[in-house]
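Have a look at the structure below before the remarks.
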Amino acid sequence: MLFRSQRSVGWEDLKPLRDTWHGPMLLKGIVTAEETAKALALGVDGVVVSNHGGRNLDGTLPAIEALPDVVAAAGGRIPVFLDSGIRRGADIAKALALGARAAFIGRPVAFALAASGEAGVEHVLAMFHDEVDRVLGFLGCTRVDQLDPSYVVRR
């Protein structure tokens, strides 16, 4: 058998890692204020809001919906990043408006790399940059630091 199932990594696994590793540590997979509080207590340097592969788990909370609660729980003590569901520049603008320090765009970059190599990656990064600029213009903003939650309609 090529692949075996491994147990999930739990909170009890983080403390020994933090005790051993004294460099910067981001914790990915945070979706609640409670998890953010645990991460802070364990001394992480930042959290990444991600719903653990929502494309595979029907009914999980979309990361963009979890983001405001995580940002509030972090209270500016650590940066919060978003890594789920970013497919266009408007998604990045929403994440920044809701308090993310940055949004990761792994899948679009990976697809661009597979399709067209370095040129594809350069193209997709330029596309995202242009889309964010366009969204800012539509909103009457000149810089991303002018974005705030009032620019995002939550249902």
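The values are calculated or read from the model by the stated rules, or taken from the named source; none is laboratory data. Because the structure is predicted, anything quoted here is derived from the model rather than measured. In this analysis, Cβ positions are derived from the backbone assuming ideal geometry, glycine residues included, and neighbour counts consider all displayed protein chains. When the accessible area is computed, the model is the full protein with side chains, heavy atoms only, and any ligands, DNA or RNA have been set aside. Shrake-Rupley method; radii C 1.70, N 1.55, O 1.52, S 1.80 Å.
The table that follows gives values for the structure above.
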{"quantity": "Criterion (in contact (Cβ under 8 Å) with a residue 12 or more places away in the chain and farther than 18 Å from residue 32 by Cβ) met by exactly one of 78, 86", "calculated": "86"}
{"quantity": "Contacts under 8 angstrom Cβ, first residue in segment 93-107 being in contact (Cβ under 8 Å) with a residue 12 or more places away in the chain, partner of a type in the set (Asp, Glu) and open to solvent by 30 Å² or more (accessible area, probe 1.4 Å), 6 or more apart", "calculated": "97/148; 103/83; 104/83; 106/83"}
{"quantity": "Contacts under 6 angstrom Cβ, first residue in segment 46-60 being closer than 15 Å to residue 71 by Cα and modelled with pLDDT of 95 or more, partner of a type in the set (Gly, Ala, Ser) and surrounded by 10 or more Cβ atoms within 10 Å (Cβ to Cβ), 6 or more apart", "calculated": "47/39; 49/63; 49/66"}
{"quantity": "Residue match in segment 106-119 (condition: at pLDDT 95 or above and among the basic types (Lys, Arg))", "calculated": "no"}
{"quantity": "Of the criteria (1) at negative phi; (2) in contact (Cβ under 8 Å) with a residue 40 or more places away in the chain, which one residue 67 fails", "calculated": "(2)"}
